[in-house]
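**Q** Here it is: the structure, laid out below.
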Amino acid sequence: MCSITVPRDPEYLALVQDILEHPLVRSMEAYTQHGETSCLRHSINVSYLSYLYCRDHGWQARAAARAGLLHDLFLYDWHFHAKETGNYFHGLTHPRRALENAQRLFSLTDREKNIILRHMWPLTITPPKYREAYVIVMFDKYCSLMETFHKPVMELMEYQELTADLKKGFAAQ
């Protein structure tokens, strides 16, 4: 089994532990997503940022966390997929493939299904139905850019957590 760093957030981990432990989800570490970032690392980045945003806004953080981890569960290297299969429309087709794979492995809510299926909007024409899906869309694009240009997505989150901890400490004094 591969070793990958996950956020040290017990509330988040309680929501996604079953997904993170699944061998097919862990296999996403073998596929490069953006830059040198694996598909699993990208999915964790999107999932955790989306979870934090939705939690802080009182939205469905569980759905964002779980669907964020599963949104790219297409299980192939998209860099070579077109040449190997003749399918040159990965950006349009992988959400449905990810959803089908996720449904085979996990019980999903309607909200989670919609988030996975619509995460490539506006490239895919049909917009998402839920606000949590728009959060995933936003953080998927953000993480993709950061990863492509080799910017540290997780270090940014650790900095934000440290800053929040410092603010709490100052408030207590």
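The values are calculated or read from the model by the stated rules, or taken from the named source; none is laboratory data. None of these values were measured; they are calculated from a predicted model. Note that each Cβ is placed from the backbone with ideal geometry, even for glycine, and that neighbours are counted across all protein chains shown.
Here is a yes/no grid of residues against (1) among the acidic types (Asp, Glu); (2) at pLDDT 85 or above:
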residue: 93; (1), (2): no, no
residue: 96; (1), (2): no, yes
residue: 104; (1), (2): no, yes
residue: 120; (1), (2): no, yes
residue: 133; (1), (2): no, yes
residue: 147; (1), (2): yes, no
residue: 165; (1), (2): yes, no
residue: 172; (1), (2): no, no
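**Q** Moving to a separate point now. Give all pairs with beta carbons closer than 7 Å in which a residue from the stretch 120-141 that is closer than 17 Å to residue 70 by Cβ meets a residue that is aromatic (Phe, Trp, Tyr); count only pairs at least 6 apart in sequence or on separate chains.
**A** So the pair list comes out as 128/121; 128/134; 132/59; 135/53; 137/121.
**Q** Give me the pairs: first residue in the stretch 96-111 and farther than 12 Å from residue 19 by Cα, second residue among the charged types (D, E, K, R) and at pLDDT below 95, beta-carbon distance under 9 Å, and six or more apart or on different chains, which are they?
**A** Partner pairs satisfying both residue conditions: 98/72.
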